[in-house]
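Chemist: Sharing a structure with you now.
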Amino acid sequence: MQTLVRVMSLFPKRSVARIFRRHNGRGNLAVLMRYLCLKVAAKRTGKNVCVMDHVYLHHWEGLEIGDNVSIHEQCNINAFGGVRIGNNVSISHGVSIVSFNHTWIDGNVPIKYNPSVPGAVVIGDDVWVGCGSRILAGVTIGNRVVIAAGAVVTKDCEPNSVYAGVPAKLVKKI
């Protein structure tokens with residue numbers, strides 16, 4: 001595996017991103033190629049990381065992934081402000097993680113051209129993020145947390161808890 005990572009690291013980062021996007025199949029080779037791309041381009045990638053097909057990653061240099069992590073289909077992760085994913089985390093299909101906010105400070109400029117402000121997202125160990133959830137900038141999710149399907153996480157989540165709703169609220173302790 002280390003030899004494959006060394007070979008892959010010879011490619012420019014832009015080429016590695018292209019390789020990642022082109023290997024969108026479900027087979028073992030496609031999963032291996034995505035893993036190798038992450039090992040080379042992300043800030044940190046642990047062991048036993050599975051990134052399924054059609055996952056979209058932006059600003060890889062700010063992405064840290066722990067051990068035993070699965071990221072399922074149709075996820076969109078933007079690590080502009082930094083995204084740290086702990087160990088033993090499962091991110092279900094259709095999840096978005098965004099580590100920046102748009103501003104509207106200059107009223108003379110359209111909002112989309114105003115500056116973006118980074119806000120790191122930290123996901124602790126032993127977390128399950130339900131399908132279709134959204135995790136927004138500046139949020140820390142504690143260890144052993146379940147984020148229910150469709151939740152929009154706008155504030156920090158306490159450890160050993162279940163969060164659900166829009167915006168996500170504490171439902172119960174586990």
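The values are calculated or read from the model by the stated rules, or taken from the named source; none is laboratory data. Computed from a predicted structure; not experimentally measured. Cβ: placed from backbone, ideal geometry, glycine included. Neighbour counts: every protein chain shown. These area figures cover heavy atoms from the full protein model, side chains too; ligands, DNA and RNA do not enter into them. Shrake-Rupley method; radii C 1.70, N 1.55, O 1.52, S 1.80 Å.
Chemist: Only one of Val89, Val98, Val51, Val55 is open to solvent by less than 20 Å² (accessible area, probe 1.4 Å), within 17 Å of Ile123 (Cβ to Cβ) and modelled with pLDDT of 95 or more. Can you tell me which? Outline the logic, then answer.
Modeler: Details: Val98 fails: open to solvent by less than 20 Å² (accessible area, probe 1.4 Å); Val51 fails: modelled with pLDDT of 95 or more; Val55 fails: modelled with pLDDT of 95 or more.
Being open to solvent by less than 20 Å² (accessible area, probe 1.4 Å), within 17 Å of Ile123 (Cβ to Cβ) and modelled with pLDDT of 95 or more holds for just one of Val89, Val98, Val51, Val55, which is Val89.
Chemist: Go through the stretch 150-173 and report how many residues are more than 10 Å from Arg134 (Cα to Cα), in contact with a Gly (Cβ under 9 Å, 6 or more places away or on another chain) and open to solvent by less than 60 Å² (accessible area, probe 1.4 Å). Outline the logic, then answer.
Modeler: Quick first cut of the stretch 150-173, residues more than 10 Å from Arg134 (Cα to Cα) only: 155-165, 169-173.
Filter once more, keeping what is in contact with a Gly (Cβ under 9 Å, 6 or more places away or on another chain): 155-161, 164-165, 171.
Add one more test, that the residue is open to solvent by less than 60 Å² (accessible area, probe 1.4 Å), and what stays is 157, 161, 164-165.
Residues in the stretch 150-173 being more than 10 Å from Arg134 (Cα to Cα), in contact with a Gly (Cβ under 9 Å, 6 or more places away or on another chain) and open to solvent by less than 60 Å² (accessible area, probe 1.4 Å): 4 in total.
Chemist: Pick from the stretch 59-70 the residues that are surrounded by 16 or more Cβ atoms within 10 Å (Cβ to Cβ) and touching a strand residue (DSSP E or B) at 6+ places or on another chain (Cβ under 7 Å): which of them is farthest from Phe20 (Cα to Cα)? Reasoning before the result, please.
Modeler: Restricting attention to the stretch 59-70, the residues satisfying the condition of being surrounded by 16 or more Cβ atoms within 10 Å (Cβ to Cβ) are 59-60, 62-66, 68-69.
Going one step further and asking which of them are touching a strand residue (DSSP E or B) at 6+ places or on another chain (Cβ under 7 Å), we end up with 59, 62-66, 69.
On the way: His59: 13, Gly62: 17, Leu63: 15, Glu64: 17, Ile65: 16, Gly66: 19, Val69: 17 Å.
Selected residue: Gly66.
Chemist: Here's a check for you: in the stretch 102-148, which residue that is hydroxyl-bearing (Ser, Thr, Tyr) and at pLDDT below 95 is nearest to the chain's Cα centre (by Cα)? Steps first, answer last, please.
Modeler: Within the stretch 102-148, the first condition is being hydroxyl-bearing (Ser, Thr, Tyr), and the residues that meet it are 103, 113, 116, 133, 140.
Okay, now just the ones that are also at pLDDT below 95, so 103, 113, 116.
Details: Thr103: 22, Tyr113: 25, Ser116: 18 Å.
Ranking the candidates gives Ser116 first.
Chemist: Can you say whether Val31 is among the hydrophobic types (A, V, I, L, M, F, W, C), open to solvent by less than 50 Å² (accessible area, probe 1.4 Å), out of contact with any helix residue (DSSP H, G or I) (no Cβ under 9 Å at 6 or more places or on another chain) and farther than 30 Å from Gly119 by Cβ, as far as the supplied structure shows?
Modeler: Values: among the hydrophobic types (A, V, I, L, M, F, W, C): yes; open to solvent by less than 50 Å² (accessible area, probe 1.4 Å): yes; out of contact with any helix residue (DSSP H, G or I) (no Cβ under 9 Å at 6 or more places or on another chain): yes; farther than 30 Å from Gly119 by Cβ: yes.
The answer is yes for Val31.
Chemist: Ok, one more. Considering only the stretch 140-174, how many residues are without any contact (Cβ under 8 Å) to a residue 40 or more places away in the chain, part of a loop (DSSP other than H, G, I, E, B) and within 13 Å of Val95 (Cβ to Cβ)? Working first, answer last.
Modeler: Just the residues of the stretch 140-174 that are without any contact (Cβ under 8 Å) to a residue 40 or more places away in the chain, to begin with: 140-142, 144-148, 150-174.
Next cut, part of a loop (DSSP other than H, G, I, E, B) only: 142, 144, 148, 150-151, 154-156, 158-160, 165-168, 174.
From the residues that got through so far, the ones that are within 13 Å of Val95 (Cβ to Cβ) too are 148, 150-151, 168.
Number satisfying all stated conditions: 4.
Chemist: Across the stretch 101-132, which residue is surrounded by the fewest Cβ atoms within 10 Å (Cβ to Cβ) among those that are free of Cβ contacts under 8 Å to residues at least 12 places away in the same chain, of a type in the set (Val, Ile, Thr) and in a loop (DSSP other than H, G, I, E, B)? So that I can check it myself, show each step before the final result.
Modeler: Filtering the stretch 101-132 down to residues free of Cβ contacts under 8 Å to residues at least 12 places away in the same chain leaves 104-113.
If we keep only those that are of a type in the set (Val, Ile, Thr) too, we end up with 105, 109, 111.
Remaining after also requiring in a loop (DSSP other than H, G, I, E, B): 105, 109.
Values: Ile105: 9, Val109: 11.
Step by step, filter the stretch 101-132, then rank; the result is Ile105.
Chemist: Select from the stretch 151-174 the residues that are over 20 Å from Val83 (Cβ atoms) and not charged (D, E, K, R) and list them in ascending order.
Modeler: Listed by number, the residues that qualify are Asn160, Ser161, Val162, Ala164, Gly165, Val166, Leu170, Val171, Ile174.
Chemist: Looking only at the stretch 34-48, which residues are in contact with a strand residue (DSSP E or B) (Cβ under 7 Å, 6 or more places away or on another chain) and either open to solvent by less than 20 Å² (accessible area, probe 1.4 Å) or among the aromatic types (Phe, Trp, Tyr) (or both)?
Modeler: Initially, the stretch 34-48 is screened for residues in contact with a strand residue (DSSP E or B) (Cβ under 7 Å, 6 or more places away or on another chain), giving 34-35, 38-39, 42-46.
Answer for the stretch 34-48, where residues must be in contact with a strand residue (DSSP E or B) (Cβ under 7 Å, 6 or more places away or on another chain) and either open to solvent by less than 20 Å² (accessible area, probe 1.4 Å) or among the aromatic types (Phe, Trp, Tyr) (or both): Arg34, Tyr35, Leu38, Ala42, Thr45, Gly46.
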